Amino acid sequence: MTTPPASARLAELRLNGAIPRHVAVIMDGNGRWARERGLERSAGHQAGMPAVREAVEGCLAAGVGVLTLFAFSQENWQRPPAEIDALMALLEEYIAREAEELREQGVTVRMLGDLERLSPSARAAVDAIQSATAGGTRLALNICISYGSRAELVRAARRLAERVAAGEITPAQVDESTLAAELYTAAWPDPDLLIRTSGEMRISNFLLWQVAYAEFHVTPVLWPDFTREDLYLAILDFQRRDRRFGRVSA
């Protein structure tokens with residue numbers, strides 16, 4: 001049986017129903033991809049870079065408004081220094097290589113997380129791409145770097161506590177909307193679809209608040225092998241779901 005090309009998948013999902021406004025992706029499997037080939041883990045991270053472009057261009061073609069990628073967690077700082085250095089170098093390489101094209105395609109890039117932990121050169125690169133792409137209107141690309149969802153929630157709670165202490169709001173005014181407004185993702189709707197590659201069945205401290213009602217799609221595909229067709233298959237799966245948000249149909 002011949003597999004339909006990505007263009008056919010795209011046409012199918014356009015006919016099938018609603019396109020998710022916000023897609024979030026846990027990019028997993030770089031290390032396993034490298035290990036299966038007898039390579040260093042850094043080679044897996046390098047091989048995963050084209051998959052980022054596949055996801056971005058796939059979202060642009062499908063009409064997704066927000067794409068949030070989990071690139072580097074706070075827990076990842078505990079990895080060997082050589083691997084961390086390689087990841088930071090890849091971040092700078094990605095920015096240098098892709099910033100101009102992302103700007104031309106109308107993509108706004110935001111880096112979400114504890115950016116103070118980045119090296120000076122990586123932080124400068126992050127600031128540069130955020131500034132260069134600030135006017136994009138076709139796709140918001142959020143890349144989570146030095147990110148942990150529990151830390152994000154603690155940060156939001158602390159900021160609300162500071163506002164209460166300053167007399168800006170009362171404790172009674174702290175609700176879901178005021179907390180959500182203090183999250184890194186306050187500017188965008190919550191994810192409709194969460195994709196995880198490599199077949200692992202866990203959230204890994206990613207967007208714990210925001211994915212409360214997201215549809216999950218887990219694929220065995222390792223991140224370096226992820227293509228826009230895999231993205232379209234995930235969206236087609238999303239379109240088959242009955243999203244009730246805790247309610248039942250009449």
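Which one of these does residue 182 not meet: (1) free of Cβ contacts under 8 Å to residues at least 60 places away in the same chain; (2) surrounded by 16 or more Cβ atoms within 10 Å (Cβ to Cβ); (3) within 25 Å of residue 91 (Cα to Cα)?
Just one mismatch for residue 182, condition (3).
Checking the condition assigned to a helix (DSSP H, G or I) and either touching a strand residue (DSSP E or B) at 6+ places or on another chain (Cβ under 9 Å) or buried (at least 16 other Cβ atoms within 10 Å of the Cβ) (or both), which residue from 93, 75, 98 passes? Full working, then the answer.
On the way: 93 fails: either touching a strand residue (DSSP E or B) at 6+ places or on another chain (Cβ under 9 Å) or buried (at least 16 other Cβ atoms within 10 Å of the Cβ) (or both); 75 fails: either touching a strand residue (DSSP E or B) at 6+ places or on another chain (Cβ under 9 Å) or buried (at least 16 other Cβ atoms within 10 Å of the Cβ) (or both).
The unique qualifying residue is 98.
Is it fair to say residue 159 is among the basic types (Lys, Arg), closer than 23 Å to residue 73 by Cα and in a helix (DSSP H, G or I)? Quick ask: steps written out before the conclusion?
Working: among the basic types (Lys, Arg): yes; closer than 23 Å to residue 73 by Cα: yes; in a helix (DSSP H, G or I): yes.
It is true that residue 159 is among the basic types (Lys, Arg), closer than 23 Å to residue 73 by Cα and in a helix (DSSP H, G or I).
Any idea which of 196, 158 is more than 28 Å from residue 235 (Cβ to Cβ) and among the basic types (Lys, Arg)? Talk me through it step by step, then tell me what you get.
Numbers: 196 fails: more than 28 Å from residue 235 (Cβ to Cβ).
Selected residue: 158, the only one of 196, 158 that is more than 28 Å from residue 235 (Cβ to Cβ) and among the basic types (Lys, Arg).
Only residues that are out of contact with any Lys or Arg (no Cβ under 7 Å at 6 or more places or on another chain), of a type in the set (Gly, Ala, Ser) and either in a loop (DSSP other than H, G, I, E, B) or buried (at least 20 other Cβ atoms within 10 Å of the Cβ) (or both): list them for segment 111-136, please. Give the derivation first.
Going through segment 111-136, the residues out of contact with any Lys or Arg (no Cβ under 7 Å at 6 or more places or on another chain) turn out to be 111-114, 116-129, 131, 134-135.
Add one more test, that the residue is of a type in the set (Gly, Ala, Ser), and what stays is 113, 119, 121-122, 124-125, 128, 131, 134-135.
Within segment 111-136, 113, 119, 122, 125, 134, 135 meet the criteria.
Go through segment 142-164 and count every residue that is within 21 Å of residue 91 (Cα to Cα) and loosely packed, with under 15 Cβ neighbours inside 10 Å. Talk me through it step by step, then tell me what you get.
We begin by selecting, within segment 142-164, every residue within 21 Å of residue 91 (Cα to Cα); these are 142-149.
Narrowing further to those that are loosely packed, with under 15 Cβ neighbours inside 10 Å: none.
Residues in segment 142-164 being within 21 Å of residue 91 (Cα to Cα) and loosely packed, with under 15 Cβ neighbours inside 10 Å: 0 in total.
From 149, 119, 73, 42, grab the single residue that is at pLDDT below 95, within 24 Å of residue 211 (Cα to Cα) and hydroxyl-bearing (Ser, Thr, Tyr). First the steps, then the outcome.
Values: 149 fails: at pLDDT below 95; 119 fails: within 24 Å of residue 211 (Cα to Cα); 42 fails: within 24 Å of residue 211 (Cα to Cα).
Only one candidate qualifies: 73.
Please work out which one of (1) of a type in the set (A, V, I, L, M); (2) in a helix (DSSP H, G or I); (3) modelled with pLDDT under 95 is the condition residue 1 fails and give its number.
Only one criterion is unmet by residue 1, namely (2).
Out of curiosity, is residue 103 touching a helix residue (DSSP H, G or I) at 6+ places or on another chain (Cβ under 6 Å), charged (D, E, K, R) and not in a strand (DSSP E or B)? Write out each step before concluding.
Details: touching a helix residue (DSSP H, G or I) at 6+ places or on another chain (Cβ under 6 Å): yes; charged (D, E, K, R): yes; not in a strand (DSSP E or B): yes.
In short, yes.
Is there any pair linking a residue in segment 205-222 that is outside any loop (DSSP other than H, G, I, E, B) to one that is surrounded by fewer than 21 Cβ atoms within 10 Å (Cβ to Cβ) and not β-branched (Val, Ile, Thr), with Cβ under 8 Å and at least six apart or on different chains, and which?
Listed by first residue and then by second, the contacts come to 215/237; 215/241; 215/243; 217/237; 218/199; 218/200; 218/201.
Rundown of residues vs (1) within 16 Å of residue 111 (Cα to Cα); (2) out of contact with any Cys (no Cβ under 8 Å at 6 or more places or on another chain), yes/no style:
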{"position": "19", "(1), (2)": "no, yes"}
{"position": "44", "(1), (2)": "no, yes"}
{"position": "58", "(1), (2)": "no, yes"}
{"position": "61", "(1), (2)": "no, yes"}
{"position": "66", "(1), (2)": "yes, yes"}
{"position": "71", "(1), (2)": "yes, no"}
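The values are calculated or read from the model by the stated rules, or taken from the named source; none is laboratory data. On a predicted model such as this, the values are computed, not experimentally measured, just so you know. Don't worry about glycine lacking a Cβ; one is built from the backbone with ideal geometry, like all the others, and counts go over all protein chains shown.
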